[in-house]
Amino acid sequence: MPSIYRCQIELHDSLYFATREIGRLYETEPVIHNYALCYALGLVDSAIYSTTVAEEDSYRYFCPEQVPKYEQHLTALNQQGIYVTPARSISHSSTLNTWKYANNNYHVEMEKTQKNIPGFGRTKEIAPESKFEFFVLSKKPLKLAKWIRLGKWMSKAELTTEEMGNGDNRKNGDFIFPYLLNPLDVMFSHQVLSYDVVNMPPVSLIQNIKIRGEHYQFENLRIPACMEYRFRAN
């Protein structure tokens, strides 16, 4: 039976990543994708290191191309029996920032120019002291770091972890999961009866979920069992 942890994140800096782009507004949804959490928690580094040191070294210290390797990296977590759910907001507020930059083609492409045309945009970020919650399921006991970094600005966040138990109380049937899930990771093992979509890259998430299948029960909370990272066929 897996060890199940309830985790909370409290932001100590503003959190930014572009969930959606509306003209020149770049908005951060108060949702943290489970792919991003796997990297922020250091689980991807540990999983890759345990499988091949050469791959781990090239990933951490040098990226020859800006191409995500989610399938390659997260499959290593499947092999270790570790799964992280997306994080939902417990409480949050937003801040709106404006940034400006100048045309720098003459720096990048050595082009001659007589104009310096400024550009601008706005970012809607999640403010410090906002809190998020998610779950980690692991075949083996885990010890997670107290401090992690998130988002484009590598924002500092404090992580609090509570071990809920070993998932001994396993049942089968219909239940409601009031948190977020990655649909690719759950629809192969469960029947999802109803949900709302949270549009965000690289895989949209679902919430307000009514679901049927095996689950772990903790008082009023039921957590889907048998979840693992799955990917669309190319």
Inset, instruction - Give just the number: which of (1) at pLDDT below 95; (2) assigned to a loop (DSSP other than H, G, I, E, B); (3) out of contact with any Asp or Glu (no Cβ under 8 Å at 6 or more places or on another chain); (4) over 26 Å from Pro224 (Cα atoms) does Ala18 not satisfy? - result: (3)
Legend entry - Residue within the range 32-44 that is in a strand (DSSP E or B), touching a Pro at 6+ places or on another chain (Cβ under 9 Å) and at pLDDT 90 or above present: yes
Legend entry - Candidates Val203, Val136, Val186, Val197 - the one that is exposed (fewer than 13 other Cβ atoms within 10 Å of the Cβ) and either within 16 Å of the chain's Cα centre (by Cα) or of a type in the set (Val, Ile, Thr) (or both): Val197
Legend entry - Every residue from the range 65-93 that is under 16 Å from the mean Cα position of the chain (by Cα), surrounded by 13 or more Cβ atoms within 10 Å (Cβ to Cβ), of a type outside the set (Ser, Thr, Tyr) and not in a helix (DSSP H, G or I): Lys69, Ile82, Val84, Pro86, Ala87, Arg88, Ile90
Legend entry - Selected residue (criterion: surrounded by the fewest Cβ atoms within 10 Å (Cβ to Cβ)) from residues of the range 1-23 that are of a type in the set (Asp, Glu) and over 30 Å from Arg222 (Cα atoms): Glu21
Inset, instruction - Please go through the range 150-168 and pick out each residue that is surrounded by 14 or more Cβ atoms within 10 Å (Cβ to Cβ), in a strand (DSSP E or B) and more than 19 Å from the chain's Cα centre (by Cα). - result: Met164
Inset, instruction - Among the residues of the range 123-133, count how many are assigned to a strand (DSSP E or B) and surrounded by fewer than 20 Cβ atoms within 10 Å (Cβ to Cβ). - result: 3
Inset, instruction - Kindly provide the set of residues from the range 169-184 that are among the aromatic types (Phe, Trp, Tyr) and assigned to a strand (DSSP E or B), ordered by number. - result: Phe175, Phe177
Legend entry - Which listed residue, of Glu27, Glu10, Glu55, is under 18 Å from the mean Cα position of the chain (by Cα), charged (D, E, K, R) and at pLDDT below 95: Glu27
Legend entry - Search result, residues across the range 19-38 that are without any contact (Cβ under 8 Å) to a residue 24 or more places away in the chain and not acidic (Asp, Glu): Ile22, Gly23
Inset, instruction - Inspect all residues belonging to the range 215-232 and state whether any of them is surrounded by fewer than 13 Cβ atoms within 10 Å (Cβ to Cβ), closer than 18 Å to Ile32 by Cα and not hydroxyl-bearing (Ser, Thr, Tyr). - result: no
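The values are calculated or read from the model by the stated rules, or taken from the named source; none is laboratory data. Note that the structure is predicted; figures quoted are calculated from it, not measured. Counting neighbours? That spans all protein chains shown, and the Cβs are built from the backbone with ideal geometry, glycine included.
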